[in-house]
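The values are calculated or read from the model by the stated rules, or taken from the named source; none is laboratory data. Remember, it's a predicted structure, so these values are computed and weren't measured experimentally. A quick note on method: Cβ atoms are made from the backbone with ideal geometry, for glycine too, and the neighbour counts reach across all protein chains shown.
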C-alpha cells in the first residue's frame, strides 16, 4: 500500500499534503464528486513572472485542471508579502467577507506561502488556504499513473512538507512561562516540551526515513532509465519539450500515431513515451514526449522527475514546442529555457516549433519570427501545417555526418542486417554467393558502432558506387 504521511498525523490539524483534490476526471473513471468552489488570490510583487495582462489566468487553468470551480478572484499589488498573512489586513478582511458571500471552500494563492502565512490566513477567512506549489503537487499526484511517477510525486510532496511541520503543530505546543530566555518555564525549559514538540520529532523521523527510501528507489529507477536511454546511443533521438498544454502530445500523435493521451488540460500527461518516428526513405528516429513545464515549477518536482526527463537530457535534438496562440508565449519560452538550464540541457541542439499557428495572432507571430534568434518553424499539430518542413529539417539533422558506404554481410547474419536497415537509408542492394552487399547512407558514428558489434560486417567501400547489376531496394 502506498505510504502517506497523512496516516502519521492526527486528524485535527491541517494536513500539509492535502490540497484541492480532483473532482472531475478527464481520464474517465466516472467521478461525480462535487466541485470545490475556490477564490483565487495573488499578491503582485515587483519581480513577478506572471502575465500582467491576466495575472491569474494560469492559476485559473491549474484550478480547472484540478477540478475546481473558480467563483471569484482578488489581486493586490505590494512591494513584499506580509509576514503574517501575505496580503494587507484590509484586503484579508475583505477576502473573508467574499468567502462567506460566495460560500467558497478554498482560497488558492498564486504565491508560495510560508506556514505562518497560511495559518494566519486560515484563522481569518475560516477556510482551507493553499498556495501555487501545493496545487501543482496535487495535480501531479492525481495524474501519476505509473509507479515511477507516483514515487517521484510523493518525494516532491514530502520534501515540500518537511520544512512546514513545525508550523503545522504549534497548536499542540505548551505556552512558555513569563521568565527570561534562561529561566524555568521559558521556551525549551523544563516542562515546556509538550505533545506538539514530541509529535514534531516523530513526524520528522517518519518523513526523513520515507524520503531516504524514496530517494533510493528513484535512484534505482534513474539508473535503469540511464541504461535504457544509453542502449539507444546508436540511434538519433529527438525529445519534445515545452510548456504544459503547448501541444506536445498532440504533435507526437500526429507524427507517429502513438495514441498518447492528449487533452486541453495542464499536465494532462506525466509519463514519458518514446516511439519510432518514420521520416521516409527508410530513415527513422526515436521521438519522446516529456512532462510539460510551467512557471515557478516547484524545484522538488524538477529534481524528482529527473529520471522521467532522462530522454530530454540525453537527446540529440530538442523540439521546443511553443503555444504561439498564448499571449504569454514569450514568458512560457523563458520558463522552459530556465528548466532546461537546470537540467543541463542548454547545449543540446534545439529547434523551436511555434505550434497552433492555425489559431494564432499572425502579427504577434511575425514579431516572434523577426526578433528571436532561434531556429524557428511555425506548425500546427492539429491541422498538420508545417509538418512536412519539420520532417525535412529533422531528416537533415539526423543525417549529420552521414556517408555513403557499401557494406557486405553473410546471408546468415540476419540480426546485423535488420539493425543496419533500421539505422540507415538503404540505397541499393545485390545478392552474391558469399553474402549480401548493400549501398547505404549512414552516419559515421552508427557505422563504427555496427562494426564493433558485428565483426562479420565488412565495409567494402565508402565512396564507390555499385555497378549496373545493382537492384533498387524493394524492386
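What the table shows:
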| read-out | value |
| --- | --- |
| Qualifying residue in region 65-75 (condition: over 30 Å from the mean Cα position of the chain (by Cα) and farther than 30 Å from residue 273 by Cα) | no |
| Selection status of residue 240, in contact (Cβ under 8 Å) with a residue 60 or more places away in the chain and surrounded by 23 or more Cβ atoms within 10 Å (Cβ to Cβ) | yes |
| Test for residue 272: is it at pLDDT 75 or above, surrounded by 16 or more Cβ atoms within 10 Å (Cβ to Cβ), within 18 Å of residue 326 (Cα to Cα) and in contact with a strand residue (DSSP E or B) (Cβ under 7 Å, 6 or more places away or on another chain) | no |
| Residue in region 81-96 that is under 28 Å from residue 264 (Cα atoms), in contact with a helix residue (DSSP H, G or I) (Cβ under 8 Å, 6 or more places away or on another chain) and touching a residue at least 40 places away in the same chain (Cβ under 8 Å) present | no |
| Qualifying position, being touching a strand residue (DSSP E or B) at 6+ places or on another chain (Cβ under 6 Å), over 28 Å from residue 237 (Cβ atoms) and at pLDDT below 85, among 425, 475, 470, 463 | 470 |
| Hits in region 121-131 - residues which are buried (at least 17 other Cβ atoms within 10 Å of the Cβ) and within 32 Å of the chain's Cα centre (by Cα) | 121, 127, 128, 129, 130, 131 |
| Whichever residue in region 373-399 is touching a strand residue (DSSP E or B) at 6+ places or on another chain (Cβ under 8 Å) and surrounded by fewer than 14 Cβ atoms within 10 Å (Cβ to Cβ) and, among such residues, is modelled with the highest pLDDT | 389 |
| Test result for residue 426, touching a residue at least 40 places away in the same chain (Cβ under 8 Å) and in the same structural domain as residue 277 (by TED's automatic domain parsing) | no |
| Residue tally, condition part of a helix (DSSP H, G or I), within 30 Å of residue 399 (Cβ to Cβ) and in contact with a strand residue (DSSP E or B) (Cβ under 7 Å, 6 or more places away or on another chain), over region 285-337 | 4 |
